[in-house]
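A.B. asks: Before I ask anything, here is the structure I am working with.
The values are calculated or read from the model by the stated rules, or taken from the named source; none is laboratory data. In this text, all values refer to a predicted model and were calculated from it rather than measured experimentally. Cβ: placed from backbone, ideal geometry, glycine included. Neighbour counts: every protein chain shown. Surface accessibility is based on the protein's heavy atoms, side chains included, excluding ligands, DNA and RNA. Shrake-Rupley method; radii C 1.70, N 1.55, O 1.52, S 1.80 Å.
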Amino acid sequence: MALSPTAAQRRIIAAADPATGRLKGPEAQLTALVKRGLAFRHPRPPHDHFLTPAGHRIREQPAGDGTPGAAGQPPAPAADGVFSARVGGEDPAPADGPARVREVRGAWQGLLELRRMTRSDGATELPCGWERTHLVQAAALALEAAGHTPATGDGDGYRVRATPQPEAVAVHQPDGTALRECAVTLERAGWQVGEHTDPRTRVRYLLASPRRV
């Protein structure tokens, strides 16, 4: 069971790379985070430290609160400028433009690097552990990095939401062609995707899960 971090360790956790969970800080503090079960030291050079799922949960807790936010709800844009993939429906939405494109590209490249570093064969085709513990953000990052348009407010565009099913997210997109394009993108990113129809509304949506093989 992970032990609560000190204030200094919380600052290191808060400053972790949002896509990969890579940590920077004094070696003694990083070692202490490993002992608390909040980080792990990669076995291969350069032996960087990364957040464990428990560390990620602490990082995502709202300030001053000990419980994470409600699953499946669109996260509000971070006030401190920390990157967060657009899941669709954020209000207000992050500003578009070249800076956002660079942020998304950098986050996606960081995620691919995390895949490479956490697999013994160095492959990047399959999702990594971080993606399995951050399903909505991981799927949204794959879509945004591929150039798909997230929904703004009540407008059209993709929306990625949590589901009651383990390791599965739902992707909604009112345009049928765009929905199928989202499926292609997620499949290329290592996700298993199926198209379904809501029995009540008859609306088509995707159900996507990270592939293991």
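A.B. asks: Once you have a ≥ b ≥ c as the square roots of the Cα gyration tensor eigenvalues for the chain, tell me rounded if a/c is under 1.5, and otherwise prolate or oblate according to whether a/b is larger than b/c.
C.D. replies: It comes out prolate by the Cα gyration axes.
A.B. asks: Return the calculated 222 nm mean residue ellipticity for the chain, to the nearest 500 deg cm²/dmol, obtained by summing -39500 (n - 2.57) across DSSP H runs with n ≥ 4 and dividing by the residue count.
C.D. replies: On the way: 7 runs with 74 residues, N = 213.
Computed ellipticity for the chain at 222 nm equals -10500 deg cm²/dmol.
A.B. asks: What does the charge count near GLY176 come to, summing +1 for each Lys or Arg and -1 for each Asp or Glu among other residues with Cβ under 13 Å from its Cβ?
C.D. replies: -1
A.B. asks: Taking the chain as the reference, fit the longest principal axis to its C-alpha atoms, fit the long axis of helix 176-188 to the helix C-alpha atoms, and give the angle between the two in degrees, 0 to 90, nearest 10.
C.D. replies: So the inclination is approximately 30 degrees.
A.B. asks: Show HIS148, HIS196 ordered by accessible area, largest first, where the area counts protein heavy atoms only and the probe is 1.4 Å.
C.D. replies: Numbers: HIS148 35, HIS196 70 Å².
Solvent-accessible surface, decreasing: HIS196, HIS148.
A.B. asks: Enter the angle in degrees (range 0 to 90, nearest 10) between the Cα long axis of helix 135-145 and the first principal axis of the Cα atoms of the chain, meaning the one along which they spread out most.
C.D. replies: The answer is roughly 70 degrees.
A.B. asks: Now for a separate question. I'd like the carbon and sulfur percentage of the solvent accessible area for the chain, probe radius 1.4 Å, heavy atoms only, ligands and nucleic acids excluded. Mind showing how you got there, number by number?
C.D. replies: Details: 6120 of 11560 Å².
C and S fraction of accessible area: 53 percent.
A.B. asks: So how tilted is helix 98-117 from the main axis of the chain? Cα-based, degrees 0 to 90, rounded to 10.
C.D. replies: 60
A.B. asks: Now for a separate question. At 1.4 Å probe radius, can you tell me the per residue accessible area of segment 96-213 in Å²? Intermediate results must be reported in sequence, preceding the final value.
C.D. replies: Numbers: 6150 Å² over 118 residues.
Ligands and nucleic acids excluded, the result is 52 Å² per residue.
A.B. asks: Sort TYR158, TYR205 from largest to smallest accessible area, using a 1.4 Å probe on the heavy atoms of the protein chains.
C.D. replies: Sorted descending by solvent-accessible area, the residues read TYR205, TYR158.
A.B. asks: Set the Förster radius R0 to 35 Å, insert the Cβ-Cβ distance between HIS196 and ALA99 as r into 1/(1 + (r/R0)^6), and round the FRET efficiency to 0.05.
C.D. replies: Result of the calculation: an efficiency of 0.45.
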